[in-house]
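Here's the structure we're looking at; comments come further down.
The values are calculated or read from the model by the stated rules, or taken from the named source; none is laboratory data. These numbers come from a predicted model, not from an experiment. Counting neighbours? That spans all protein chains shown, and the Cβs are built from the backbone with ideal geometry, glycine included.
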Amino acid sequence: MAQNTEETTHKTEDDWRRTLTPEQFHVLREHGTERPGSSPLNYEKRSGTFVCAGCGQPLFSTDTKFESGTGWPSFFAPFERGVETSTDNSLFMKRTEVHCARCGGHLGHVFPDGPPPTGQRYCMNGVALEFRPEQSEPGPVRR
């Protein structure tokens, strides 16, 4: 997995196809959408960080995850500088697309119907994310 801007912004389509699964490629690089309810990340409750599956950019903390009932992992706020947005006029409607600030991968959309404190619902494709559990300190060695 690429871990820096230079490496990810200069990847060719073939490079992306080699590093991503077909489903990840479809969502991240072709602006696809996974089937609702298909991501195991919908049920992730551990403390940790959701990162871009394409480049490892930290995107969301589990502290901002909530159950939206939509079938996709949802968050009320991203990490600062983790994501960028653009206007998406597909499907005969105007929506706000969310993409990774590092590699530009399509993540999902943001809607103004989320919970406080932001009122935003970042509705993300689980296949575009990877979960990294919080690392706990090792306990004392017992002999």
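If only one of 112, 133, 116 is touching a residue at least 60 places away in the same chain (Cβ under 8 Å) and over 12 Å from the mean Cα position of the chain (by Cα), which one is it? Give the steps one after another, and end with the answer.
On the way: 112 fails: touching a residue at least 60 places away in the same chain (Cβ under 8 Å); 116 fails: touching a residue at least 60 places away in the same chain (Cβ under 8 Å).
Result of the check over 112, 133, 116: 133.
Might you let me know whether segment 59-77 holds any residue that is surrounded by fewer than 15 Cβ atoms within 10 Å (Cβ to Cβ) and in contact with a Phe, Trp or Tyr (Cβ under 8 Å, 6 or more places away or on another chain)? Scanning segment 59-77 turns up at least one residue that is surrounded by fewer than 15 Cβ atoms within 10 Å (Cβ to Cβ) and in contact with a Phe, Trp or Tyr (Cβ under 8 Å, 6 or more places away or on another chain). Within segment 1-19, being in a helix (DSSP H, G or I), surrounded by 12 or more Cβ atoms within 10 Å (Cβ to Cβ), modelled with pLDDT under 80 and out of contact with any strand residue (DSSP E or B) (no Cβ under 9 Å at 6 or more places or on another chain) holds for 5, 7, 9.
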